[in-house]
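Below: the structure, in structure tokens.
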Amino acid sequence: MSQTLSNAYIIEIHDRAAGIITRDERGFRFFSSERLFDSLEGRQFRSAREAERAARAVFSERRRRANFQLFAN
């Protein structure tokens with residue numbers, strides 16, 4: 001029995017659609033679906049898991065900055 005792998009995945013971070021990754025010959029390419037994740041737009045990743053980790057890092061950095069600004073004032 002052969003198993004078919006999907007060519008596209010949605011990356012969600014805390015119920016937010018961060019973007020879509022599509023499989024190509026070199027891995028996975030990220031397409032942002034929310035402004036917060038635009039820094040990942042067009043980046044190539046070796047795996048879906050790597051793309052998800054990058055999106056989580058962007059989200060965490062944004063949250064860290066927001067908390068810093070909240071307590072800095």
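The values are calculated or read from the model by the stated rules, or taken from the named source; none is laboratory data. Not measured: the values here are computed from a predicted model. FYI the Cβ positions are ideal-geometry reconstructions off the backbone, even for glycines, and counts take in every protein chain you see. For accessibility, only protein heavy atoms count, side chains too; no ligands or nucleic acids. Shrake-Rupley method; radii C 1.70, N 1.55, O 1.52, S 1.80 Å.
Couple of notes before you dig in:
- Candidates are the residues of region 4-20 that are in a strand (DSSP E or B) and charged (D, E, K, R); the one that is modelled with the highest pLDDT is Glu12.
- Filtered residues of region 10-37 (kept if open to solvent by 80 Å² or more (accessible area, probe 1.4 Å), within 24 Å of Arg63 (Cα to Cα) and more than 9 Å from the chain's Cα centre (by Cα)): His14, Asp15, Arg16, Arg35
- Of all residues in region 22-73 being at pLDDT below 90 and either polar (S, T, N, Q) or touching a strand residue (DSSP E or B) at 6+ places or on another chain (Cβ under 8 Å) (or both), the one that is farthest from Ser6 (Cα to Cα): Asn73
- Annotation note: Cβ proximity below 7 Å between a residue of region 50-65 that is closer than 13 Å to Leu40 by Cα and a residue that is open to solvent by 60 Å² or more (accessible area, probe 1.4 Å) (sequence gap 6+ or interchain) occurs for Val58/Ser39; Phe59/His14.
- Of all residues in region 10-49, those that are in contact with a Ser or Thr (Cβ under 8 Å, 6 or more places away or on another chain) and touching a residue at least 24 places away in the same chain (Cβ under 8 Å) total 2.
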